6 protein chains.
Amino acid sequence: MSELVKEFNDYRSKMNDKILADNNKIIKRIFNLDTNAFAAGALDVKTKELLGLVASTVLRCDDCIKYHLEASYKAGVPKEQVVETLGIATLIGGTIVIPHLRRAYEYWDALETQS
Amino acid sequence: MSELVKEFNDYRSKMNDKILADNNKIIKRIFNLDTNAFAAGALDVKTKELLGLVASTVLRCDDCIKYHLEASYKAGVPKEQVVETLGIATLIGGTIVIPHLRRAYEYWDALETQS
Amino acid sequence: MSELVKEFNDYRSKMNDKILADNNKIIKRIFNLDTNAFAAGALDVKTKELLGLVASTVLRCDDCIKYHLEASYKAGVPKEQVVETLGIATLIGGTIVIPHLRRAYEYWDALETQS
Amino acid sequence: MSELVKEFNDYRSKMNDKILADNNKIIKRIFNLDTNAFAAGALDVKTKELLGLVASTVLRCDDCIKYHLEASYKAGVPKEQVVETLGIATLIGGTIVIPHLRRAYEYWDALETQS
Amino acid sequence: MSELVKEFNDYRSKMNDKILADNNKIIKRIFNLDTNAFAAGALDVKTKELLGLVASTVLRCDDCIKYHLEASYKAGVPKEQVVETLGIATLIGGTIVIPHLRRAYEYWDALETQS
Amino acid sequence: MSELVKEFNDYRSKMNDKILADNNKIIKRIFNLDTNAFAAGALDVKTKELLGLVASTVLRCDDCIKYHLEASYKAGVPKEQVVETLGIATLIGGTIVIPHLRRAYEYWDALETQS
């Protein structure tokens, strides 16, 4: 597995365990809701992941972008759709989004080359 | 037509005309890109409007929310999909999004009752 | 009751009813969590309301500011503590917070004069 | 004087008086710094007002935009420079800035027609 | 002392010295206000640090979070109160806050293990 | 050339090439607009770079700050003007801007020592 992908997932999973072990009700329920919200419903999983991706990108959260890129990749979203989503994010969010676009491209490459 | 919908569209269209009459190259091109970005491509129009909606909602821009709600409505997106999109926005963006959720529901109602 | 306070609460309560009637699981649970998070725990209610107030102020959400001002007022938080909280918010969030400070002062006045 | 301009300035000045009468040290000093920061220094007043305008616009603060538009107008900044500044703000901040652009154009018009 | 804590404080203190040596009046006064705002007043130091923490967290500023975690730790704020504050921040600011929550937990651990 | 400056520019340029090679129309045009918007017009290049700098700073985008610091440096903007711009950004954006101020000073130093 790509070093970039592995490092992100290892840290994420190690710290999530610590946070959840703490048993704060509010935080635990928000983590639960997160799993729920991206399950298939009136919208399918792929569309929901792209919604998560565009929201994460305009809010300029690198870790959230990585997370939704990876989930999109695993759900089989084609690169063209990911790129159109990032294009919409850059237009809505402005050039301030571009540094995150660079890291998004790098992470997507890492996802593709790791297989 | 609902007063809320009419007022929003009249002001928006009057001021857009003023802005574009000014012939600033940067601003005109951004307006053009906006039309382009939401046309069908690797993603269809309905999905793109929901991407615009979730981005507008987490960025807490009431006018942008209204615009994408109306475009979604005209494109035939069912309410269930709009609500799931708003749910994802509220989870990602937090309770700070709720006041915008209220106005989004009010505007969607106005769209539905105006027909 | 002050017109400003009444209008805010009437609209808020009318639209919350509409939103909750819609039965979207994510949104309903976030509304529930909101009630939970501000109940007494390791921190008392007054402190939690001030936490909600400072967060709402730096995020520049007028309706959220009104909500936490009113909850603080009802919980008996003295004005001096509210003002110190708003001062910290203005320092952390910058002068961009000042327009919200004006509306916060106006709403607090409305709360005090309505009794 | 234009109703839009008068209303903005009256409310702003009434509430500033209330806030300053409260004698919170942090808030009073931030108000003072604000006057200081926009006085001529290594940069002249016109340039500083445009810096204030672009910052207010990307942060999407309507009242701050109005304030810096008015100060720019009084300092004699030509409309072409104001529009180029708003163009840069729209590019950096994205289409999410456009609703504020509309209100900025409306306020500038009000400033010009009031003389 | 923990490497994470030492590195943060060393860089912070080295760069603050550089910034203050520059003698820009606005910046120096803002640094001064920062010290003032968190001193005991109508609210005690512990409460003020939690206000600083929740504001820093919803604004997603890692360095500011570290700073207020450390000040809270030194002021003797118990972990339960820190965690409740982070829970409120996550609810208000949304899941976009979670990556900062991970780093906050890591820093708090570093503070506890360094003693 | 300073390591800090070289590393930033190398990564930026490598990833920009990747992004542009992808031929997404929206993203390519936004990149083009970016070059256009900062060319001399009603405002000169130096003023426009300071507008870009203050906007990047209040939006807390380190890479954007670096980019505009470097463009300002190459355009011959004196340090006093850069610092006044950063002062205005810190006042408008609040103390949350300070961590970015530290990195801005570090990058400016790197630009000056590399010559």
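The values are calculated or read from the model by the stated rules, or taken from the named source; none is laboratory data. From a predicted model like this one, the values you see are computed outputs, not experimental measurements. Note that we place each Cβ from the backbone using ideal geometry, even for glycine, and neighbour counts take in every protein chain shown. For accessibility, only protein heavy atoms count, side chains too; no ligands or nucleic acids. Shrake-Rupley method; radii C 1.70, N 1.55, O 1.52, S 1.80 Å.
Nearest to the axis that brings chain F onto chain C is this chain F residue, judged by its Cβ, with the distance in whole Å: F:GLY94, 2.
Label-to-label distances for B:ALA21 across copies, nearest first, come out at 4.3, 4.3, 4.8, 5.6, 6.6 nm, using points 7 Å from Cα in the beta-carbon direction. Cross-link partners for F:LYS18 among the aspartates and glutamates, with Cα-Cα distance under 13 Å and sequence neighbours closer than 8 places in the same chain left out: A:GLU106, A:ASP109, F:ASP10. With respect to chain D, whose longest principal axis is taken over its alpha-carbon atoms, helix D:98-113 is tilted by about 80°. Measuring nothing but how far apart in sequence close Cα pairs (under 8 Å, 6+ apart) lie, relative to its length, chain A scores a relative contact order of 32 percent. Principal axis analysis of the Cα atoms in chain D yields extents of 39, 35, 28 Å, listed in decreasing size. The angle separating the long axis of helix D:45-58 from the principal Cα axis of greatest extent in chain D is about 80 degrees. For C:ASN32, the distances from its label point to the matching points in the remaining copies are 0.7, 5.2, 5.2, 5.2, 5.3 nm, ordered from shortest, with each point set 7 Å beyond Cα toward Cβ. Shortest first, A:ASP10 label-point distances to identical copies amount to 2.4, 2.4, 6.1, 6.3, 6.6 nm, with the label point at 7 Å from Cα along Cα→Cβ. Which distance in Å, rounded to a whole number, links the C-alpha centroids of the stretch B:27-76 and the stretch F:39-115? A separation of 32 Å, based on Cα centres. In straight-distance terms, cross-link reach from F:LYS66 covers every one of the lysines whose alpha-carbon lies under 17 Å from its own, apart from those fewer than eight places away in the same chain; here that gives F:LYS6, F:LYS14, F:LYS46, F:LYS48, F:LYS74, F:LYS79.
When nucleic acids and ligands are ignored and a 1.4 Å probe is applied, F:LYS25 ends up with an accessible area of around 100 Å².
Taking both sides together, the accessible area buried where A meets F is about 1700 Å² for a 1.4 Å probe.
A simple rule links phi to the HN-Hα coupling: the Karplus curve 6.51 cos²θ - 1.76 cosθ + 1.60 with θ = phi - 60°, which for the stretch A:26-42 gives 4, 5, 4, 5, 5, 4, 4, 4, 4, 5, 4, 5, 9, 7, 4, x, 5 Hz, with x for Gly and Pro.
Each Lys or Arg adds one and each Asp or Glu subtracts one; over the other residues with Cβ under 11 Å from the Cβ of A:ALA110, this totals -3.
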